[in-house]
Amino acid sequence: MNVRNLLLMLLLGGAVWAAMSWWQGREVTLQADDPRLLTGDKGIVMLAAEWCGYCRQQRKDFELAGVLYRVLDVDTEEGSRAASALGTRGVPVTVVGQQVIEGYDTALLHRNLLPLGYRVY
């Protein structure tokens, strides 16, 4: 590798690092219907549907563990607007604090619920 290629790679790497730093440091503006506005740092909102088997299982898991949460049915106007604000299409979608968890991902749910004192999985 010659010096020119090395300098080019260093310059490119620096540009990528600067772009990533800027992206992570920017402030995110949430849409009016975004459920993260309801959760703050410790609240929990689940976007679900009556016909969804994974949603039923997750609700059962949460109820057995005593998790305090709110459900928004995506087949209602409020739930549909919340899903659109998050840019999601499937269910369940769980918002824990500001973290959005798509699908019935028990490992990710566990990792986000444990700091709130919930042992679900």
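The values are calculated or read from the model by the stated rules, or taken from the named source; none is laboratory data. Remember, predicted model here, so these are calculated numbers, not experimental data. Because the Cβ atoms are built from the backbone with ideal geometry, glycine has one as well, and the counts that use them run over all protein chains shown.
Quick one: GLN31 ticks every box in (1) at pLDDT below 95; (2) surrounded by 11 or more Cβ atoms within 10 Å (Cβ to Cβ); (3) among the polar types (S, T, N, Q); (4) in a helix (DSSP H, G or I) except a single one, so which number is it? Among (1) at pLDDT below 95; (2) surrounded by 11 or more Cβ atoms within 10 Å (Cβ to Cβ); (3) among the polar types (S, T, N, Q); (4) in a helix (DSSP H, G or I), GLN31 violates only (4). The criterion of at least 1 residues that are surrounded by fewer than 16 Cβ atoms within 10 Å (Cβ to Cβ) and either aromatic (Phe, Trp, Tyr) or modelled with pLDDT of 95 or more (or both) is met by the following strands (runs of 3 or more DSSP E) wholly inside the stretch 67-121: 70-73, 99-102. Hey, any hits in the stretch 48-63 for a residue that's under 14 Å from ASP33 (Cα atoms) and hydrophobic (A, V, I, L, M, F, W, C)? For the stretch 48-63, residues under 14 Å from ASP33 (Cα atoms) and hydrophobic (A, V, I, L, M, F, W, C): absent. Just wondering, is there one or more residues in the stretch 40-53 that are modelled with pLDDT of 95 or more, within 14 Å of TYR104 (Cα to Cα) and not hydrophobic (A, V, I, L, M, F, W, C)? So far as the stretch 40-53 goes, yes, one or more of its residues are modelled with pLDDT of 95 or more, within 14 Å of TYR104 (Cα to Cα) and not hydrophobic (A, V, I, L, M, F, W, C).
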